[in-house]
Amino acid sequence: MKPLDTVAILGVGLIGGSVGLALRKRKLARQVVGLGRNSSHLRSARRRGAVTATSTRWRTGGAGADLVVVCTPVGQIVDHVRTLAESCTGPTLITDVGSTKQHIVESLSGKLPPHVQFVGSHPMSGSEKTGVRYSRDDLFNGRVAIVTPGPDTQKESLKSICRFWEALGSRVITMTPDLHDEAVGAVSHLPHVAATVLAAVTRSQDQQLVASGWLDTTRVAAGDPRLWQQIFEDNKGHVLKSIDQFTELLGQFRDALAKDDRRTVSRILKAGKRNRDALGS
């Protein structure tokens with residue numbers, strides 16, 4: 001990717017901070033501007049080295065930037081992109097990092113000024129931790145970044161966003177917003193539901209006994225409940241479908257165990273091991 005003059009990041013937390021750190025480490029932008037409402041958080045981002053400048057005037061902070069990366073909760077992304085686009089005076093590319101895509105892309109398609117292009121993105125590189133202090137310049141290395149063009153996405157804009165994530169170390173996959181939401185409903189959102197329910201059902205008196213199995217399985221349950229509630233609500237249909245498929249197989253496992261159906265129990269255990277082993281460590 002050819003180095004950019006200015007990249008603006010709205011929301012310099014874990015993901016936004018990691019974008020800034022990666023850009024600066026790879027010298028892919030002359031200036032990285034952190035935008036937000038909280039001046040204390042922005043100062044932390046600058047001390048961390050994630051940005052070179054900051055502004056609490058975020059509504060106009062994207063003016064003059066070549067690229068704006070919106071790293072705010074999914075429930076706010078549409079409004080934030082629209083607001084930022086209003087202040088863009090020249091050709092500007094905007095992307096996001098939201099965990100859902102269909103509602104966001106559909107809400108923005110054909111709704112922005114002609115000199116502003118939005119291309120949806122979702123780097124599969126998150127963590128249960130939040131805040132710029134946990135950001136890393138290698139967060140995207142070897143991880144998948146999904147890019148979801150809409151019906152009015154220009155080819156050059158799509159190529160530019162794909163090159164952007166590749167330059168940060170990601171392996172890029174493009175798909176439609178609907179297919180994205182269906183897929184992440186199964187491989188990202190359902191695991192969070194399962195981890196949360198497992199953590200919630202564990203009795204407090206048993207917590208002193210937990211070991212690596214419980215801790216590994218419930219790690220993502222430590223994520224911000226407010227952010228995840230927005231994600232589940234925005235992708236409700238696909239999440240419900242994934243929960244139904246999960247509970248159906250869980251029910252089969254339960255019935256087989258209750259009936260001493262060792263063949264079915266073994267089949268499900270082997271299927272789980274096979275799918276997990278196929279991905280390596």
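Computed from the coordinates by the stated procedures, all read-outs in this text should not be read as laboratory data. Here the structure is a predicted model, which is why all the values come from computation and not from measurement. Virtual Cβ from ideal backbone geometry, glycine too; neighbours counted across all protein chains shown.
Compute the separation of the alpha-carbon centres of region 21-56 and region 202-268 and state it in Å as a whole number.
38 Å
Which of Ile243, Ile231, Ile9, Ile94 comes first, and how do the rest follow, when ranked by fewest Cβ neighbours within 10 Å?
Taking fewest neighbouring Cβ atoms as first place, the list is Ile243, Ile231, Ile94, Ile9.
Under 8 Å for C-alpha pairs, at least 6 residues apart: give me the relative contact order for region 121-259, rounded to a whole percent.
25 percent.
Mind sorting Arg203, Arg133 by how few other Cβ atoms lie within 10 Å of their own Cβ, fewest first?
The most exposed by this proxy come first: Arg203, Arg133.
What net charge do the residues around Ala22 carry, taking every other residue with its C-beta under 11 Å from that of Ala22, with Lys and Arg at +1 and Asp and Glu at -1?
+3
Highest GNM mean-square fluctuation, the chain, Cα pairs closer than 10 Å: which of Asp66, Asp96, Asp206?
Of Asp66, Asp96, Asp206, the Gaussian network model singles out Asp206 as fluctuating most.
Helix 225-234: angle to the longest alpha-carbon principal axis of the chain, degrees 0 to 90, nearest 10?
90 degrees
For Val172, list long-range residues whose amide hydrogen, built 1.01 Å from N in the peptide plane, is under 5 Å from its own amide hydrogen.
Here the answer is Ala145, since their amide H atoms fall under 5 Å of that of Val172.
Using only C-alpha atoms and all pairs of different ones, pull out the Kirkwood radius for region 194-243 in Å with one decimal.
So the Kirkwood estimate lands at 12.2 Å.
Rounded, prolate or oblate: which fits region 180-277, taking a ≥ b ≥ c as square roots of the Cα gyration tensor eigenvalues, rounded meaning a/c under 1.5, else prolate when a/b beats b/c?
Oblate, since a/c reaches 1.5 and b/c is not below a/b.
For Leu257, what is the net charge nearby, where nearby means another residue's Cβ is under 14 Å from its Cβ and Lys, Arg count +1, Asp, Glu -1?
Taking every other residue near Leu257 into account, the sum is +2.
Under 10 °C and 1.306 mPa s, how fast does region 93-240 diffuse according to Stokes-Einstein, given a Kirkwood radius computed over C-alpha pairs? Answer in µm²/s, whole number.
It comes out at roughly 94 µm²/s.
Two decimals is fine: what's Rg over Rh for region 13-125, C-alpha atoms, Kirkwood radius as Rh?
Computed over Cα atoms, the ratio is 0.94.
If you take all C-alpha pairs in the chain, what percent of them are over 23 Å apart?
Result for the distance tail: 57 percent.
Run the numbers on region 1-145 and let me know its relative contact order in percent, using alpha-carbon pairs under 8 Å that are six or more apart.
Reported relative contact order: 28 percent.
Which cross-chain or sequence-distant (5 or more) residues have an amide H under 5 Å from the amide H of Thr72, H modelled 1.01 Å from N in plane?
Residues meeting the criterion, in which the H sits 1.01 Å from N, are Val97.
What number comes out for the charge environment of Glu128, summing +1 per Lys or Arg and -1 per Asp or Glu over other residues with Cβ under 11 Å away?
+1
Enter the angle in degrees (range 0 to 90, nearest 10) between the Cα long axis of helix 262-277 and the first principal axis of the Cα atoms of the chain, meaning the one along which they spread out most.
With rounding to tens, the tilt is 20 degrees.
What is the chain's relative contact order, in percent, from Cα pairs under 8 angstrom and six or more apart in sequence?
16 percent
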